[in-house]
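Enquirer: Take this structure, written in structure tokens, and hold onto it; I'll ask about it next.
The values are calculated or read from the model by the stated rules, or taken from the named source; none is laboratory data. Computed from a prediction, not measured in an experiment: that's the story for all the values here. No Cβ is skipped: glycine too gets one built from the backbone with ideal geometry, and neighbour counts run over all protein chains shown. Note: accessible area is taken over every heavy atom of the protein model, side chains too, but ligands, DNA and RNA are not part of it. Shrake-Rupley method; radii C 1.70, N 1.55, O 1.52, S 1.80 Å.
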Amino acid sequence: MIPDRPSRTAEGAALLRALHAFVDDAPLLFEDHVVRDLLSMPARLALRPLPLPMKLGLRRRERLRPTRAALRGQIVLRSRYAEDALDAALAAGVDQILILAAGLDTTALRRPTRLAKATLWEIDHPATQAWKRRRLGGRGEGRIRFVPVVFGEQDLTEALLAAGVDPARPVFVNWLGCTYYLTPEAMSGTLRSLSAFDAPGSEVVVDYWTDTAVPDLPSRLLLGGARVALAVQQEPLLGMLSPRAFHRLAAAAGWRVVEDLDAAAQRARWLAGRRDTLSVPGFAHLARLQPARESPT
């Protein structure tokens, strides 16, 4: 990304997440009812109920060109995956929540009661975090601890310790929408830093993209288009890994992959039987990591 500028993809991801409630059918897989206030005015204008003829027209266009529905689905499904894992962690008594590359994440704003006994840290690039805090206008300041970090350049372990994260107690880490913008070395460095917080019960929820064995042509075309568009925005894709390479990288950094959902598994879990156009691209994976020193459960 461009130094001293907020991420250009953060708002786009938040908008696609919010659009789910307006263009897709019930039951919703994820509902972000507060992010609208953090979006720019042009983005807010897209968040409005659609008359049935417009909705049907949109679906016809998305069936012909499914890239937007696939990108929306990838963001909605990763959000749902992380939310389910967070609920399980909170139920197990984990009270340290780390959101890496937070962007316009709204967990603290959407779930104040559920998180009342937990401490939540948002870790992000300084420029992106400052931009978000301006958008927040003071909301969430009492519930969020902000930690500015440039991934791959600053010592994440030191930053988290300085921010008050206790390495003797388990952490839940939400790390979405970031790995593919990092080199494998930076990705590994982040996981190694997080291994300092590997008390029993800790978990990392992460998504990653692969450019190997992408089975369907629309997904390959979407990935190629994303490469070009993101390079133009100076946020190029740098960390595309095969599942085997990702598992090796995680293990070398002290983490064990306990679940890895490819696109087919995601479709089976969340999209089976849906009549809307929501989909997920074939290159998208969702994974849960636990400390390698813990025995398998």
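Enquirer: What are the residues in the range 18-40 that are open to solvent by less than 30 Å² (accessible area, probe 1.4 Å) and either more than 15 Å from residue 135 (Cα to Cα) or touching a Pro at 6+ places or on another chain (Cβ under 7 Å) (or both), if any?
Expert: Result: 18, 19, 20, 23, 24, 29, 30, 32.
Enquirer: Let me confirm something: among 68, 72, 48, 59, which residue is more than 30 Å from residue 160 (Cα to Cα), in contact with a Leu (Cβ under 6 Å, 6 or more places away or on another chain) and of a type in the set (Lys, Arg)?
Expert: 72
Enquirer: Looking for something over 27 Å from residue 39 (Cβ atoms), hydroxyl-bearing (Ser, Thr, Tyr), surrounded by fewer than 20 Cβ atoms within 10 Å (Cβ to Cβ) and touching a residue at least 12 places away in the same chain (Cβ under 8 Å) - is there at least one such residue anywhere in the range 197-210?
Expert: The answer is no; no qualifying residue exists.
Enquirer: I'd like the full set of residues that are open to solvent by 70 Å² or more (accessible area, probe 1.4 Å) and either touching a Pro at 6+ places or on another chain (Cβ under 7 Å) or within 28 Å of residue 288 (Cα to Cα) (or both), limited to the range 41-79.
Expert: 68
Enquirer: Since residue 212 meets every condition but one in (1) in a helix (DSSP H, G or I); (2) of a type in the set (Ser, Thr, Tyr); (3) within 24 Å of residue 9 (Cα to Cα), which condition does it not meet?
Expert: Checking residue 212 against (1) in a helix (DSSP H, G or I); (2) of a type in the set (Ser, Thr, Tyr); (3) within 24 Å of residue 9 (Cα to Cα), the one that fails is (1).
Enquirer: Scanning for something open to solvent by 10 Å² or more (accessible area, probe 1.4 Å), more than 30 Å from residue 96 (Cα to Cα), part of a helix (DSSP H, G or I) and free of Cβ contacts under 8 Å to residues at least 24 places away in the same chain, does the range 248-255 turn up at least one residue?
Expert: no
Enquirer: Sticking with this structure for a sec: What residue, of 275, 220, is open to solvent by 20 Å² or more (accessible area, probe 1.4 Å), assigned to a helix (DSSP H, G or I) and charged (D, E, K, R)?
Expert: Exactly one of 275, 220 is open to solvent by 20 Å² or more (accessible area, probe 1.4 Å), assigned to a helix (DSSP H, G or I) and charged (D, E, K, R), namely 220.
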